[in-house]
Amino acid sequence: MQASTVVLGVIGADVHAVGNKILDFAFTNAGFTVINLGVMVSQEEFIEAAIESDAAAILVSSLYGHGDIDCRGLREKCQEAGIGDIRLYVGGNLVVGKSDFVQVEKTFKNMGFDRVYPPSADLNEEIAEIKSDLGID
Amino acid sequence: MTSDMRYILCADFGSTYTKLTAIDMQALKILGTSAAYTTVQTNILDGYADALALLEKDIGTLDYDKRLAASSAAGGLKMIAVGLVPRLTSNAAKLAASSAGAKLIATYSYDLSDAEVEEIFNHRPDMILLSGGIDGGNKEVILNNAEKIARIEYNFPVVVAGNKAVAGEAGRMLESGGKEAVITENVMPELNKLNVEPAKAAIRELFIRRIIDAKGLAEANAMMSLEIIPTPLAVFNACEALSEFGTLTAVDVGGATTDVYSMADGLPENAAVIEKGLREPFAKRSIEGDLGVRYSMESLIKEAGIDRIAIESGASPEAVTAHCKICTQDTSAVFPSGSTAAKIDNALAGECVRISMNRHAGRLETVYTNMGEVQLQTGKDLTKTKYLFGTGGSVINSSAPETIMAKALYSQVDYDILKPENPKIIIDKNNILTAMGLLTRVDKQSALSMMKKELMSEEDM
């Protein structure tokens, strides 16, 4: 596995492109090799890119409130595709409305995500955590 | 521009015919063409001599400055492409082999299974293109596949165009199995970025060095001024040259396969459309081994549906079945224009054109989001291509070639397929594309002038 390779994209029918560009910029600057799939990325595209690039993590963004539906089953599909151990991260405005983030985090962790970030997450802290998870100093 | 060459002879060694085209480079015109029956089993040079005798009867004996040849004899350049993910490196390998003029017989993905290894052995390929993993990406699968391919007890060379970190190791594994391995750049160095030229060059080099001999073309090759190239590559070169006049698509309908060429960047015509997946190359060829009007008739009818052939030709389904039987027994059968059989043949050729173009062209999908309607494009948008060329025996010898070619056009039924909407349809009546493709190798400008003169009228420009 390539510890510093990550696959990035905005899942589902979500076309929010700005955050995606910021994440690409920030992770690239932090020394990651970013495979950026852009917006409207399906689960299959994330998985195919991760297989081909031997990525250590998939970073899923979702801004439009349908993250719950879009992300379900991603971990299971990774397992079927032979990359069940890959780290999965998700962040953004994951559900509609002002839900309690503790509940949101629980929902996504139950789906098999390793870390879940709210819209207000600090990008530098996020990157530091992910680096530590992947064993990069 | 005047050329210091006077006469050039172009030869196309086919599986059943050798076709010759004599060209006057000063007058920029085709002096004559001829065709004679050949088989590799006898001697390809007999067919060449027969065709030359026929040509000389027509135009006299000339002193040719250059002799150029293409070949699709002995099954053409039979290749297999192997990659990792079907939509990614397998597709890239497929595009690279196709653009090199190969007759692609199969494409495999992921770790090869025992059954697939057996299939490869049974296919007896002339060459394999092995890819897998972007640079810096997956290493295991290409190595596993190299090891499995190395053990296949049949001698073929392998072009290794996968993850650069392990390409050398994959090559050594193949060599330990007695296979020649040519290492070249990755067909997909970065995700969704194609890099087909190095693999294409490696395939060409191997074709010249190993396949020409193996196909019994060595003597013919020795008579030529430049090495023999695969016939589809000559057509590819002709299309690439023609793209100077504007974007184009071309369909070549044969007895066994149907080839589609597109020379266009294929980017979305509408700026609001989002591109998905692999951005395909400007010059793209696809080859459909299951679509042809003779050898592949059965699979064609299965795909198109017998009722559709019946409706298109105005014949009964029973007549189509009967026709199929006759043509399977006699693959060189031709029928008088206007006969039911000829109408069925036209319908079959039309279906080859329709289905192959459906597979070649990109697609537009409309997705309804809470941001409104969004359109996604995969593959090439060919709706605005300027020209549509038709070639291949069953198109050019038909009484209704334009009707056959019109099946390539955009239609409401396949509203999501980005096929040419309103191109100028041009038929390669005198079957010159292969010869012109060969000519581009020595004098591209003259080839262009001649194609303009032979194929296009003033209003086409």
Residues being surrounded by 23 or more Cβ atoms within 10 Å (Cβ to Cβ) and among the β-branched types (Val, Ile, Thr) - total across region A:6-28: 4
Does residue B:324 meet the test of being open to solvent by 10 Å² or more (accessible area, probe 1.4 Å) and more than 14 Å from chain A (Cβ to nearest Cβ)? yes
Among residues belonging to region A:12-67 that are under 15 Å from residue A:130 (Cβ atoms), outside any strand (DSSP E or B) and among the polar types (S, T, N, Q), point out the one that is farthest from the other protein chains (Cβ to nearest Cβ). A:29
Report whether or not residue B:432 is without any contact (Cβ under 8 Å) to a residue 60 or more places away in the chain, open to solvent by less than 70 Å² (accessible area, probe 1.4 Å) and touching a helix residue (DSSP H, G or I) at 6+ places or on another chain (Cβ under 9 Å). no
Expected output for region B:311-336 (first residue assigned by TED's automatic domain parsing to the domain that holds residue B:400, partner at pLDDT below 90, Cβ below 6 Å, 6+ apart or cross-chain) is B:327/B:333
From the set of residues in region B:109-130 that are open to solvent by 50 Å² or more (accessible area, probe 1.4 Å) and under 23 Å from the mean Cα position of the chain (by Cα), which is nearest to the other protein chains (Cβ to nearest Cβ)? B:119
Given (1) farther than 30 Å from residue B:49 by Cβ; (2) buried (at least 24 other Cβ atoms within 10 Å of the Cβ), index of the condition residue B:272 fails: (2)
Hey, any hits in region B:368-387 for a residue that's open to solvent by 10 Å² or more (accessible area, probe 1.4 Å), of a type in the set (Gly, Ala, Ser) and modelled with pLDDT under 95? yes
Number of the exception - residue B:324 against (1) closer than 21 Å to residue B:289 by Cβ; (2) modelled with pLDDT of 95 or more; (3) among the hydrophobic types (A, V, I, L, M, F, W, C): (2)
Residues of region B:330-373 being among the acidic types (Asp, Glu) and away from chain A (no Cβ under 14 Å), which ones? B:330, B:345, B:351
Residue count for region B:291-303, restricted to those that are outside any helix (DSSP H, G or I) and farther than 15 Å from residue B:331 by Cα: 0
Can you name every residue in region A:1-11 that is more than 9 Å from chain B (Cβ to nearest Cβ) and either among the β-branched types (Val, Ile, Thr) or free of Cβ contacts under 8 Å to residues at least 12 places away in the same chain (or both)? A:6, A:10, A:11
Single residue of region A:68-89 satisfying the filter (more than 13 Å from chain B (Cβ to nearest Cβ) and under 12 Å from the mean Cα position of the chain (by Cα)) that is farthest from residue B:137 (Cα to Cα): A:71
Is at least one residue of region B:89-106 surrounded by fewer than 19 Cβ atoms within 10 Å (Cβ to Cβ) and either under 17 Å from the mean Cα position of the chain (by Cα) or within 11 Å of chain A (Cβ to nearest Cβ) (or both)? yes
Let me confirm something: among B:243, B:262, which residue is assigned by TED's automatic domain parsing to the domain that holds residue B:355, in a helix (DSSP H, G or I), among the hydroxyl-bearing types (Ser, Thr, Tyr) and at pLDDT 95 or above? B:243
Residue B:316 vs (1) under 19 Å from residue B:396 (Cα atoms); (2) in contact with a helix residue (DSSP H, G or I) (Cβ under 7 Å, 6 or more places away or on another chain); (3) of a type in the set (Gly, Ala, Ser): all pass except (1)
Quick check: is even one residue across region B:59-73 surrounded by 24 or more Cβ atoms within 10 Å (Cβ to Cβ), away from every other protein chain (no Cβ under 14 Å) and in contact with a Cys (Cβ under 6 Å, 6 or more places away or on another chain)? yes
Is there a residue in region B:202-213 that is touching a helix residue (DSSP H, G or I) at 6+ places or on another chain (Cβ under 6 Å) and either open to solvent by 20 Å² or more (accessible area, probe 1.4 Å) or over 30 Å from residue B:64 (Cα atoms) (or both)? no
Identity of the residue in region B:159-193, part of a strand (DSSP E or B) and closer than 18 Å to residue B:79 by Cβ, that ends up most open to solvent (accessible area, probe 1.4 Å): B:183
Considering B:133, B:171, B:162, which residue is in contact with a strand residue (DSSP E or B) (Cβ under 9 Å, 6 or more places away or on another chain), of a type in the set (Gly, Ala, Ser) and within 14 Å of another protein chain (Cβ to nearest Cβ)? B:162
When region A:92-102 is checked residue by residue, the ones that are surrounded by fewer than 17 Cβ atoms within 10 Å (Cβ to Cβ) and more than 14 Å from chain B (Cβ to nearest Cβ) are A:98, A:99, A:100, A:101, A:102
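Yes/no matrix, rows are residues, columns are (1) in a strand (DSSP E or B); (2) among the β-branched types (Val, Ile, Thr); (3) modelled with pLDDT of 95 or more:
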{"position": "B:219", "(1), (2), (3)": "no, no, no"}
{"position": "B:235", "(1), (2), (3)": "no, yes, yes"}
{"position": "B:249", "(1), (2), (3)": "yes, yes, yes"}
{"position": "B:252", "(1), (2), (3)": "yes, no, yes"}
{"position": "B:275", "(1), (2), (3)": "yes, no, no"}
Is it true that some residue in region A:39-53 is in contact with a Ser or Thr (Cβ under 8 Å, 6 or more places away or on another chain) and under 24 Å from residue B:132 (Cβ atoms)? yes
Residue B:315 vs. criteria open to solvent by less than 50 Å² (accessible area, probe 1.4 Å) and more than 26 Å from residue B:106 (Cα to Cα): yes
I need the full set of residues from region B:246-286 which are in contact with a Pro (Cβ under 7 Å, 6 or more places away or on another chain) and either of a type in the set (A, V, I, L, M, F, W, C) or within 14 Å of chain A (Cβ to nearest Cβ) (or both), in order please. B:275
Does at least one position in region A:77-91 carry a residue that is exposed (fewer than 14 other Cβ atoms within 10 Å of the Cβ) and in contact with a strand residue (DSSP E or B) (Cβ under 9 Å, 6 or more places away or on another chain)? no
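The values are calculated or read from the model by the stated rules, or taken from the named source; none is laboratory data. In this text, all values refer to a predicted model and were calculated from it rather than measured experimentally. Positions of Cβ are backbone-derived with ideal geometry, glycine not excepted, and every protein chain shown enters the neighbour counts. Ligands, DNA and RNA are stripped out before the accessible areas are found, and what is left, the full protein with its side chains, is counted by its heavy atoms. Shrake-Rupley method; radii C 1.70, N 1.55, O 1.52, S 1.80 Å.
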